[in-house]
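For reference, the structure discussed in these notes is given below.
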There are 2 protein chains.
Amino acid sequence: MSAPPSSWKGGPLPPGSTIGILGGGQLGRMLAQAASKLGFDAVVLERDADSPAGRVAVRCLVGAYDDPAALAALAEASAIVTYEFENVPAATVDHLIGLGAEVAPGPRALAVAQDRVEEKTFLNAHGAPTVAFAAAATSDEAVDAATRIGTPCLMKTRREGYDGKGQRWVEHPADAAAAFTALGGVPVIVEAACDFTRELSVIAARGRDGATAVYPLAENHHEHGVLRRSIAPARVTPALADQAERIAARILSGLDYVGVIGVELFELADGRLLVNEIAPRVHNSGHWTQDGCEVDQFEQHIRAVAGWPLGPTRAIAQVEMLNLLGEEADAWLKYAAEPETRIHLYGKREAKPGRKMGHINRVKPL
Amino acid sequence: MSAPPSSWKGGPLPPGSTIGILGGGQLGRMLAQAASKLGFDAVVLERDADSPAGRVAVRCLVGAYDDPAALAALAEASAIVTYEFENVPAATVDHLIGLGAEVAPGPRALAVAQDRVEEKTFLNAHGAPTVAFAAAATSDEAVDAATRIGTPCLMKTRREGYDGKGQRWVEHPADAAAAFTALGGVPVIVEAACDFTRELSVIAARGRDGATAVYPLAENHHEHGVLRRSIAPARVTPALADQAERIAARILSGLDYVGVIGVELFELADGRLLVNEIAPRVHNSGHWTQDGCEVDQFEQHIRAVAGWPLGPTRAIAQVEMLNLLGEEADAWLKYAAEPETRIHLYGKREAKPGRKMGHINRVKPL
């Protein structure tokens, strides 16, 4: 099948080209805004006709990820396609590639990120350490895995699940069967408990030329499985920063990655870092870069997928990023009156409890 | 006539509301982007169906400024209407206000800014000094005005004209008649030549509560009547900065202004500032604030017209802003590779000679 006329021909993508985005949420919105700043047009594919990203894009193609007509329109319109969401079905990306579309990050990153066993296997194979883990596909295997890993341990579905959904703590091996059933009887991963001292993350990018750029680490605080607050640059020793940078570089080159990636880390008491998970996309814990760096993660991602040189990643301010969940966003006027507070709202119509409605970056000089 | 349901009812405008923008160029585009960052929807009214602003707005109403159906749709859709362009016809704004729309900045600012005689009369009446000037509506009056003002002097049409268009130098009073004819025989202003040492500008904002915020001065360099380069913060004495701030404050309160205003200044050898002209809108010489300040002029304008508290205006970086005219924007890849350079492209389809296609901000620590 021949490439559509708008498809990428290699080389840096000129302004005026169209970048397709799978997903119409806040990450897609901020990607579309960053694309437009560089003179690109953004086209969004999203099931919801009135989405945060669709409202700032040139065009929103309304459809599901498995809608062949919508995918054909996206491939036809876009020089390059990217996504806001790591659970884009592999079949969707395969279909787009079959239509001649250039998709970045590529299918390998998605395949690794969509399956927690694949992910940890990949990470360990590339010198990025993780907690001990075991796969289980039956109730018996789950009990066996919990016995081998030791309790307490964390059982998660291999696929799907985010923000703390799709996981259970297992206190005794005998409880593993019930946890397996409670998670739906689907294939799971059993992970050793990790007695970490801090949750950190690193946002990194890799260009089409293999160049990499790594942002300073962020320190993250979760509540009920959802990111609440990031502090960046995190206070870390140079040795820890080096360790994180090496881990990010191994992951990026191991995946032959193009774009921005989020790498969630556990810091152990002995100073070692373990990788918790990777997200092959811009990441909530990187929102601080919008007001703390000269080129933020969204522009960086657009630069990377468009084959542009990567931008600088050094911090120019100290930032505390706070997610505004549900009705918390109703306090916009209070935040607007704080001189140190930068406001980012997503234009979501309905403030359901726990829903990410926006975030603020509180900025201080370094 | 009753106000449309979406119209502003006073008080800070909540996110999720729609802001209408008259004009689809780069200023409208950057206003729409700033609005979306704060959770607003932007709707643009513009004659061109494929405009820079229209492509980042929720909706583009395609029509002329005197199209009643388009104006009705804009008033109906928008809680507040603003504009990117000071030559929006007074009749357009009157029509929108008649439909119950809230327009900011208000008609008084437009009336003053659209007529160079009104403008200088207003400025002098409010303690904002200008060069000496005289009005002329006939060829004889033009000669008389040039005689009184002295030559060389600058003859400009009272209305319209920008970027150096619609003006002529008059070297001798006897040449004034020919200049008057060359300018089309329309009413003109004759301005004394000004032996300035620098062109400066100040971008300032006034909120609905009367609070004002003033950015540091920019030093501007023009070529062929078009802004080429701004350096900001300009190197000025505290006394000069005070003088500029006082002038801006007088203009803002004299107009009972809401929004961002650009005030172009001449610096004289004796340290006095004269006002060259005012633009009741975001201003090209304020583009440096995008990378040099925490809240840029575009967000500031949206905050002001939406009744939000104004944001901080202090500089956080030293910036050189360079307009990319015509084919200069073709060097995007060179600029993208400069770590100190931030790129802003407008998505214009055709790079006509001299057309503003984008700008770059070269950033250094203060």
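The values are calculated or read from the model by the stated rules, or taken from the named source; none is laboratory data. Since the structure is predicted, the reported quantities are computational estimates derived from the model, not experimental observations. Counting neighbours? That spans all protein chains shown, and the Cβs are built from the backbone with ideal geometry, glycine included.
Listing for the model above:
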| item | result |
| --- | --- |
| Among (1) at pLDDT 95 or above; (2) surrounded by fewer than 21 Cβ atoms within 10 Å (Cβ to Cβ), the one test that A:ALA351 misses | (1) |
| Residues (hydrophobic (A, V, I, L, M, F, W, C), outside any strand (DSSP E or B) and more than 8 Å from every other protein chain (Cβ to nearest Cβ)) located in the stretch A:322-366 | A:ALA331, A:ALA351, A:LEU366 |
| Selection status of B:ALA177, out of contact with any helix residue (DSSP H, G or I) (no Cβ under 9 Å at 6 or more places or on another chain) and either surrounded by 23 or more Cβ atoms within 10 Å (Cβ to Cβ) or among the aliphatic types (A, V, I, L, M) (or both) | no |
| Residue in the stretch B:82-93 that is buried (at least 18 other Cβ atoms within 10 Å of the Cβ), under 20 Å from B:ILE302 (Cα atoms) and among the charged types (D, E, K, R) present | yes |
| Test result for B:ILE97, crowded, with 21+ Cβ neighbours inside 10 Å and either on the phi > 0 side of the Ramachandran plot or of a type outside the set (Asp, Glu) (or both) | no |
| Tally, over the stretch B:103-112, of residues that are under 21 Å from B:LEU31 (Cβ atoms), assigned to a helix (DSSP H, G or I) and free of Cβ contacts under 8 Å to residues at least 24 places away in the same chain | 1 |
| For A:ALA75: the one exception among (1) out of contact with any Leu (no Cβ under 7 Å at 6 or more places or on another chain); (2) at pLDDT 95 or above; (3) over 29 Å from A:GLN243 (Cβ atoms) | (1) |
| In the stretch B:248-279, the residues that are over 17 Å from B:GLU219 (Cβ atoms) and of a type in the set (Asp, Glu) | B:ASP256, B:ASP270 |
| First in the stretch A:230-248 and over 23 Å from A:ALA109 (Cβ atoms), second anywhere and surrounded by 20 or more Cβ atoms within 10 Å (Cβ to Cβ) and of a type in the set (Val, Ile, Thr), Cβ under 7 Å, 6 or more apart | A:ALA232/A:VAL319 |
| Tally, over the stretch A:78-99, of residues that are at pLDDT 95 or above and among the small types (Gly, Ala, Ser) | 3 |
| Check on A:VAL282, modelled with pLDDT of 95 or more, in a loop (DSSP other than H, G, I, E, B), within 30 Å of A:THR157 (Cα to Cα) and in contact with a helix residue (DSSP H, G or I) (Cβ under 7 Å, 6 or more places away or on another chain) | yes |
| Of all residues making up the stretch B:1-24, the number that are within 14 Å of another protein chain (Cβ to nearest Cβ) and modelled with pLDDT of 95 or more | 10 |
| Extreme residue, farthest from the other protein chains (Cβ to nearest Cβ), among residues of the stretch B:298-321 that are of a type in the set (D, E, K, R) and not in a loop (DSSP other than H, G, I, E, B) | B:GLU320 |
| Test: B:GLU328 is of a type outside the set (S, T, N, Q), more than 20 Å from the chain's Cα centre (by Cα) and under 25 Å from B:VAL56 (Cα atoms) | yes |
| The listed residue being more than 20 Å from the chain's Cα centre (by Cα) and touching a residue at least 60 places away in the same chain (Cβ under 8 Å), out of B:THR92, B:THR18, B:THR82 | B:THR18 |
| Residue under evaluation A:ALA34, criteria (1) within 14 Å of chain B (Cβ to nearest Cβ); (2) closer than 20 Å to B:ARG349 by Cβ; (3) small (Gly, Ala, Ser), criterion not met | (2) |
| Odd one out for A:TYR257, checked against (1) in contact with a Leu (Cβ under 8 Å, 6 or more places away or on another chain); (2) buried (at least 24 other Cβ atoms within 10 Å of the Cβ) | (1) |
| Residue match in the stretch B:15-28 (condition: among the hydroxyl-bearing types (Ser, Thr, Tyr), in a strand (DSSP E or B) and over 24 Å from B:MET357 (Cβ atoms)) | yes |
| Long-range neighbours under 6 Å by Cβ, at least six apart or interchain, first residue within 11 Å of B:GLY54 (Cα to Cα) within the stretch A:50-67, second among the hydroxyl-bearing types (Ser, Thr, Tyr) and crowded, with 21+ Cβ neighbours inside 10 Å | A:VAL56/B:SER36 |
| Matching residues, the stretch A:38-58, being over 24 Å from A:ASP296 (Cβ atoms) and either within 10 Å of chain B (Cβ to nearest Cβ) or among the polar types (S, T, N, Q) (or both) | A:ASP50 |
| Only listed residue being more than 21 Å from the chain's Cα centre (by Cα), under 21 Å from A:ALA204 (Cα atoms), of a type outside the set (Lys, Arg) and not assigned by TED's automatic domain parsing to the domain that holds A:ALA34, chosen from A:ALA306, A:ALA317, A:ALA337 | A:ALA317 |
| Matching residues in the stretch A:133-150 - criterion: being in contact (Cβ under 8 Å) with a residue 40 or more places away in the chain and buried (at least 17 other Cβ atoms within 10 Å of the Cβ) | A:PHE133, A:ALA134, A:ALA135, A:ALA136, A:ALA142, A:ALA145, A:ALA146, A:ILE149 |
